[in-house]
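Inspection log for the structure reproduced underneath, given as structure tokens.
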């Protein structure tokens, strides 16, 4: 039985001991610090693929016990939001993004929700704060999505040094085709 197969909760009983131990001994126990309020109720509503515009506005509602952690956040224009694909039930190590006409890519080279650890990362623009509520633009999560963490977006990587991997090839094909 493969390691990927053993990572599925439904297949644990058929896996060798080390896989069962690894999956039943968490590295940490994640807790939601809040929830996303989003215009998206269904996955199909979220813009995806090349040229997708992520300009929807929403709110990150932080739980009262974590609200003091928002002190001084207003000084940042953009935030990383780390969240849970809480509707995802399984994963694939090979993804076939529609933005590349279904060509296969390793899941770690994509933004597929079907991941071994269902963790999402989104960069949003901070529009304002009202107590424990952060108004943001750039939402690409479903309404009610659990938020694990928020960090200020800081990048010291010059644009000329950034590479876009297979996306650059897919974009070039779209332009020429």
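The values are calculated or read from the model by the stated rules, or taken from the named source; none is laboratory data. Keep in mind that this is a model prediction, so the values were computed, not measured. Every residue, glycine as well, gets a Cβ built from its backbone with ideal geometry; the counts of neighbours run over all protein chains shown.
Residues being in contact with a helix residue (DSSP H, G or I) (Cβ under 9 Å, 6 or more places away or on another chain) and surrounded by 15 or more Cβ atoms within 10 Å (Cβ to Cβ): count how many of those fall in segment 96-110.
In the first step, residues of segment 96-110 are kept if they are in contact with a helix residue (DSSP H, G or I) (Cβ under 9 Å, 6 or more places away or on another chain); the result is 97, 99-101, 103, 105, 109-110.
Checking the rest, the ones that are also surrounded by 15 or more Cβ atoms within 10 Å (Cβ to Cβ) come to 97, 99-100, 105, 110.
Residues in segment 96-110 being in contact with a helix residue (DSSP H, G or I) (Cβ under 9 Å, 6 or more places away or on another chain) and surrounded by 15 or more Cβ atoms within 10 Å (Cβ to Cβ): 5 in total.
Answer yes or no: is there a residue in segment 16-35 that is part of a loop (DSSP other than H, G, I, E, B), touching a strand residue (DSSP E or B) at 6+ places or on another chain (Cβ under 8 Å), modelled with pLDDT of 90 or more and surrounded by 12 or more Cβ atoms within 10 Å (Cβ to Cβ).
Taking every residue of segment 16-35 in turn, at least one turns out to be part of a loop (DSSP other than H, G, I, E, B), touching a strand residue (DSSP E or B) at 6+ places or on another chain (Cβ under 8 Å), modelled with pLDDT of 90 or more and surrounded by 12 or more Cβ atoms within 10 Å (Cβ to Cβ).
It is to be established whether one or more residues within segment 142-152 are within 18 Å of residue 51 (Cβ to Cβ) and in the same structural domain as residue 44 (by TED's automatic domain parsing).
Scanning segment 142-152 turns up no residue that is within 18 Å of residue 51 (Cβ to Cβ) and in the same structural domain as residue 44 (by TED's automatic domain parsing).
Determine, yes or no, whether residue 80 is modelled with pLDDT of 85 or more, over 17 Å from the mean Cα position of the chain (by Cα) and either surrounded by 15 or more Cβ atoms within 10 Å (Cβ to Cβ) or assigned to a strand (DSSP E or B) (or both).
Working: modelled with pLDDT of 85 or more: yes; over 17 Å from the mean Cα position of the chain (by Cα): no; either surrounded by 15 or more Cβ atoms within 10 Å (Cβ to Cβ) or assigned to a strand (DSSP E or B) (or both): yes.
It is false that residue 80 is modelled with pLDDT of 85 or more, over 17 Å from the mean Cα position of the chain (by Cα) and either surrounded by 15 or more Cβ atoms within 10 Å (Cβ to Cβ) or assigned to a strand (DSSP E or B) (or both).
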